[in-house]
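J.: I'd like to ask you about the structure that follows.
The values are calculated or read from the model by the stated rules, or taken from the named source; none is laboratory data. Values in this document were obtained by computation on a predicted structure and should not be read as measured data. All Cβ positions, even for glycine, are placed from backbone atoms using ideal geometry, and neighbour counts span all protein chains on display.
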Amino acid sequence: MTKNVYVKTGNNPRRGWMLALFLLTGSALAFGPSLLSAQVSLTTVVDLAQKNSSAVKLAEADLKKAQATLGQTQDAYIPNFVIGSTVGYSHGFPTGQPSVGSANMQSLVLSFSQRQYLKAGHAGIEAANLALKDAREQVALDASTFYIEFDTVEQELKAAREQESFTENLVRIEQQRSEAGVDSDQDLLQARLKAAQLKLQRLHLETRAAALAKRLATLTGLPTGSIFPDRASIPEIPALSADQAPRKLPGIAAADNVARSKQFQALGDDLLWRRLQVGFGAVYNYDLNELNSYSTYYKNFTPNNVSFGLQITIPFFDFALRAKAKQTAAEALRAKVEAEQAGRQNDVQIAELTGSLRELDTLAEIAGLKQQIAQGQIKAVEAQLELGNGAAPGAQAQLSPKAEQLALIDERQKFQEALDASLELSKARLGLLRALGHMEDWLHELHAK
């Protein structure tokens, strides 16, 4: 018999918030994992890092400053126009011009230095553009390196957890064998020591993964823990070598342009005390006689007065300008030396990375072979455990179940070592990619992935 139960809800004050709580709980269960973390491609991480980077923003500000500096230099030839008013009363002989309204206009007509300053401004803009490109490439390198390392550590962490489960089985087996008197207590202690060591290794990987997640969050501006790497979004890193002709890095090209800008600036300062300079000026004044009684002391007083003409400046003995020219010449020499030094340092880095790559490539190959051998040993142990030692006299003793766990633990360890070797190889390849000036190709590959 079915009994109907009726619940009165019309005047229940809890009905509204209970329904809302139910809906929110359901939404959190349904969408919570996707809101907390999601797979983010390497392309997205690089783009967000470049937009969020302080270094890129500073380079953009330097570019705007260089553009404004060039505009200020160019505008020296455009006449400015300034209007003003000075109203005042004087008693007795007038001490000033009785202007109640004035307009002034000035501009540069001829300057041998200004031509060099314009060249310096153009070189400065080119340097700022190259510095911006260099900053974007460096951010892309950092983001790519952290992303690939984060993906590798996540794989290692998964293998470490599998190792711990195999070690738990090993400890349990050793406990049973020790209680049965088959193995000594030392074997059990060794199994527990192995479990503690693998726990420490797993904790180290978790700390490393958390630090990398924080780095990526700082680079991209996304919440910490919201980025889960998508391994399929990582393109293959090309294996370059120093035999290929290196391209000039944007940073080194920017340093060269800074040196050129300083040289033009120094030449302009040197011409400033050696060559004449011509300027244009015009002034209009509207004078008022009532406040100063100007007509009492000056004949032919008129309210409207205009004057214009050229101002020619020929420096003969201006030691301050000469000292400034020497100062900018020293700065130009320093900038040139710094640019040359940056080029030499990059050549040294290319040579070091090339040597390291050969070693890392071999280490990655060795680690991969060790993992394959360990996988083969697992199959051999499993087959021997399944088939036993056979009935033939002198046959090898049958393996115990702990041999299988030891083989599984060793294979996972070799797997992590192979991942570490591959990571170091990837880092070196990305570094050489950057040092050879091929970072732009890597960015194109990312966006085409």
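J.: Among the candidates 308, 316, single out the residue that is loosely packed, with under 12 Cβ neighbours inside 10 Å and at pLDDT below 90.
T.: Of 308, 316, the one residue that is loosely packed, with under 12 Cβ neighbours inside 10 Å and at pLDDT below 90 is 316.
J.: For the range 262-277, state whether one or more residues are more than 22 Å from residue 425 (Cα to Cα), part of a helix (DSSP H, G or I), out of contact with any Leu (no Cβ under 8 Å at 6 or more places or on another chain) and modelled with pLDDT under 90.
T.: No.
J.: Is there any pair with a first residue in the range 262-280 that is at negative phi and a second that is at pLDDT below 95 and part of a loop (DSSP other than H, G, I, E, B) whose Cβ atoms are under 6 Å apart and which are 6 or more apart or on different chains, and what are they?
T.: The qualifying pairs are 273/315; 273/318; 276/314.
J.: Looking at the range 384-411, which of its residues are modelled with pLDDT of 70 or more, over 20 Å from residue 171 (Cα atoms) and surrounded by 10 or more Cβ atoms within 10 Å (Cβ to Cβ)?
T.: Once the filter is applied, which keeps residues that are modelled with pLDDT of 70 or more, over 20 Å from residue 171 (Cα atoms) and surrounded by 10 or more Cβ atoms within 10 Å (Cβ to Cβ), the range 384-411 yields only 384.
J.: Among the residues of the range 347-367, is any more than 27 Å from residue 257 (Cα to Cα), small (Gly, Ala, Ser) and surrounded by fewer than 15 Cβ atoms within 10 Å (Cβ to Cβ)?
T.: Yes, the conditions are met somewhere in the range 347-367.
J.: Moving on. How about the range 160-181: which of its residues are touching a residue at least 60 places away in the same chain (Cβ under 8 Å) and surrounded by fewer than 18 Cβ atoms within 10 Å (Cβ to Cβ)?
T.: 162, 169
J.: Let me ask something else. Which condition number in (1) touching a strand residue (DSSP E or B) at 6+ places or on another chain (Cβ under 7 Å); (2) at positive phi; (3) small (Gly, Ala, Ser) is the one that residue 213 fails?
T.: Failed condition: (2).
J.: Would you pick out the residues in the range 213-223 that are touching a helix residue (DSSP H, G or I) at 6+ places or on another chain (Cβ under 6 Å) and surrounded by fewer than 21 Cβ atoms within 10 Å (Cβ to Cβ)?
T.: Once the filter is applied, which keeps residues that are touching a helix residue (DSSP H, G or I) at 6+ places or on another chain (Cβ under 6 Å) and surrounded by fewer than 21 Cβ atoms within 10 Å (Cβ to Cβ), the range 213-223 yields 215, 221.
To keep it simple, each residue is scored yes or no on (1) surrounded by 14 or more Cβ atoms within 10 Å (Cβ to Cβ); (2) in contact (Cβ under 8 Å) with a residue 12 or more places away in the chain; (3) among the aliphatic types (A, V, I, L, M).
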{"site": "187", "(1), (2), (3)": "yes, yes, no"}
{"site": "210", "(1), (2), (3)": "no, no, yes"}
{"site": "225", "(1), (2), (3)": "no, yes, no"}
{"site": "232", "(1), (2), (3)": "no, no, yes"}
{"site": "249", "(1), (2), (3)": "yes, yes, yes"}
{"site": "258", "(1), (2), (3)": "yes, yes, yes"}
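J.: Checking the conditions here, which among 151, 134 is more than 30 Å from residue 70 (Cβ to Cβ) and crowded, with 19+ Cβ neighbours inside 10 Å?
T.: Residue meeting the stated conditions: 151.
J.: How many residues are among the aliphatic types (A, V, I, L, M) and crowded, with 16+ Cβ neighbours inside 10 Å when one looks only at the range 189-208?
T.: Of the residues in the range 189-208, 4 are among the aliphatic types (A, V, I, L, M) and crowded, with 16+ Cβ neighbours inside 10 Å.
J.: A further question on this structure: Kindly state which helices (runs of 4 or more DSSP H) lie completely within the range 4-77 and contain at least 3 residues that are surrounded by 12 or more Cβ atoms within 10 Å (Cβ to Cβ), small (Gly, Ala, Ser) and at pLDDT 50 or above.
T.: Those helices (runs of 4 or more DSSP H) span 54-74.
J.: Additional query: I'm checking my understanding of the structure. Among residues of the range 327-346 that are surrounded by 13 or more Cβ atoms within 10 Å (Cβ to Cβ) and free of Cβ contacts under 8 Å to residues at least 12 places away in the same chain, which one is nearest to residue 117 (Cα to Cα)?
T.: So the residue we want is 333.
J.: Taking the range 273-296 as the search range and keeping residues that are surrounded by 18 or more Cβ atoms within 10 Å (Cβ to Cβ) and out of contact with any strand residue (DSSP E or B) (no Cβ under 8 Å at 6 or more places or on another chain), which one is farthest from residue 113 (Cα to Cα)?
T.: Only one residue fits best here, namely 292.
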